[in-house]
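The values are calculated or read from the model by the stated rules, or taken from the named source; none is laboratory data. If you're wondering where the values come from, they're calculated on a predicted model, not measured in any experiment. So basically every Cβ, Gly included, is an ideal-geometry build from the backbone, and we count neighbours across all protein chains shown.
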Amino acid sequence: MTKTIAVTNQKGGVGKTTTTINLASALGQEGKKVLLIDLDPQANATVGSGIDRAGLSFTVYQMLLDRCSLAETIVSSESGFDVLPAEAGLAGAQVELTGEDEGDNYKLKAALETATHYDFVLIDCPPALNVLTLNALVAADSYLIPVQCEYYALEGMSQLMNSIKLVQRRINPNLKLFGMALTMYQKSKLCSLVEDEVRRHFPTQVFKTVIPRNIDIAAAAMDGAPITLLKKPNSSKSNKGSLAYWTLAKEVHRRVLKIRHKFGINEPNRLRQYQIQTGE
């Protein structure tokens, strides 16, 4: 059973894309089959996954407009997961998919009906509530919110939760909050106060793992690779940023297993499924 998570926040610069990429990489290196979907016209998740945009035949833009299939669009990343890449032209989808036709908000959900072989689908949303974000929230069964440890975090959270409630009420009543990840944390009184406030308001939803503000995380994005790949925790190059994202990925996986156990769903045995399909 595929777990589809929209990573979203209407505020930019909170570590949304970085979190999506590194979760995809860590889960992929742990043997999970992962698809990362880049729905942000900035295409940072595409570049940060090591994908050369110049060599792409199709992107999620063409797929949403029914010009190609999901299978034709997906590319494999050397970072350990598959990518549904984006391009700057994706911004045009906001004009061509106006949302006036109800089907405009279900384009991604329809395409993902053929992606059931993935363990995780992680969707990097744009920092706005538009037709692209709506497609993500309709396709997802849950959403994850990266929360930057800064003064306006809670104010932004309130706006985001109101938007989510609107989507739940009108489009996807099954959409659930999967969790909140505190990002860009540094030792200061302000960060401690923000963490305490977020955990007080959302005591069970906030992950225990806190992502630190780390220069190597930003540098990894410039290198076009996740920090979880460049600095693995068991290597001599390991650092706090990499270790934090690896720990968060394990926490994400445990939370999925807990949800599945609650509903009597067993963890898929991908190796056994492959052996059955191939006769090996």
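Confirm whether Ala221 is modelled with pLDDT under 90 and on the phi < 0 side of the Ramachandran plot.
Yes: the conditions hold for Ala221.
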Legend entry - Single residue of Ala110, Ala71, Ala91, Ala86 found to be over 17 Å from the mean Cα position of the chain (by Cα) and either within 18 Å of Ile5 (Cβ to Cβ) or free of Cβ contacts under 8 Å to residues at least 40 places away in the same chain (or both): Ala110
Inset, instruction - Mind telling me which of the residues Ser79, Ser57, Ser25 ends up being on the phi < 0 side of the Ramachandran plot, touching a Leu at 6+ places or on another chain (Cβ under 6 Å) and either surrounded by fewer than 22 Cβ atoms within 10 Å (Cβ to Cβ) or modelled with pLDDT under 95 (or both)? - result: Ser79
Inset, instruction - Determine if region 172-187 includes at least one residue that is modelled with pLDDT of 85 or more, out of contact with any Pro (no Cβ under 7 Å at 6 or more places or on another chain), surrounded by 15 or more Cβ atoms within 10 Å (Cβ to Cβ) and among the β-branched types (Val, Ile, Thr). - result: no
Legend entry - Which listed residue is touching a Ser or Thr at 6+ places or on another chain (Cβ under 9 Å) and at pLDDT below 90, from Lys262, Lys231: Lys231
Inset, instruction - Restrict the check to region 9-21 and report whether at least one residue is under 30 Å from Glu155 (Cβ atoms), in contact (Cβ under 8 Å) with a residue 12 or more places away in the chain, out of contact with any strand residue (DSSP E or B) (no Cβ under 9 Å at 6 or more places or on another chain) and among the aliphatic types (A, V, I, L, M). - result: no
Inset, instruction - Select from region 193-207 the residues that are closer than 14 Å to Ile145 by Cα and in contact with an Asp or Glu (Cβ under 9 Å, 6 or more places away or on another chain) and write down the one among them that is surrounded by the most Cβ atoms within 10 Å (Cβ to Cβ). - result: Val206
Legend entry - Options Asn174, Asn162; residue that is without any contact (Cβ under 8 Å) to a residue 24 or more places away in the chain and out of contact with any helix residue (DSSP H, G or I) (no Cβ under 7 Å at 6 or more places or on another chain): Asn162
Inset, instruction - Answer yes or no as to whether Thr18 is within 16 Å of Ala221 (Cα to Cα), of a type in the set (Ser, Thr, Tyr), surrounded by 24 or more Cβ atoms within 10 Å (Cβ to Cβ) and in contact with an Asp or Glu (Cβ under 6 Å, 6 or more places away or on another chain). - result: no
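Rundown of residues vs (1) of a type in the set (S, T, N, Q); (2) assigned to a strand (DSSP E or B), yes/no style:
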position: Ser158; (1), (2): yes, no
position: Asn162; (1), (2): yes, no
position: Val167; (1), (2): no, no
position: Pro173; (1), (2): no, no
position: Ala181; (1), (2): no, yes
position: Lys187; (1), (2): no, no
position: Glu197; (1), (2): no, no
position: Val210; (1), (2): no, yes
Inset, instruction - Kindly provide the set of residues from region 93-117 that are under 20 Å from Ile74 (Cα atoms) and surrounded by fewer than 16 Cβ atoms within 10 Å (Cβ to Cβ), ordered by number. - result: Ala110, Glu113, Thr114, Thr116, His117
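If I go through region 86-115 residue by residue, how many of them are of a type in the set (D, E, K, R) and at pLDDT below 90?
Looking only at that region, the number is 4.
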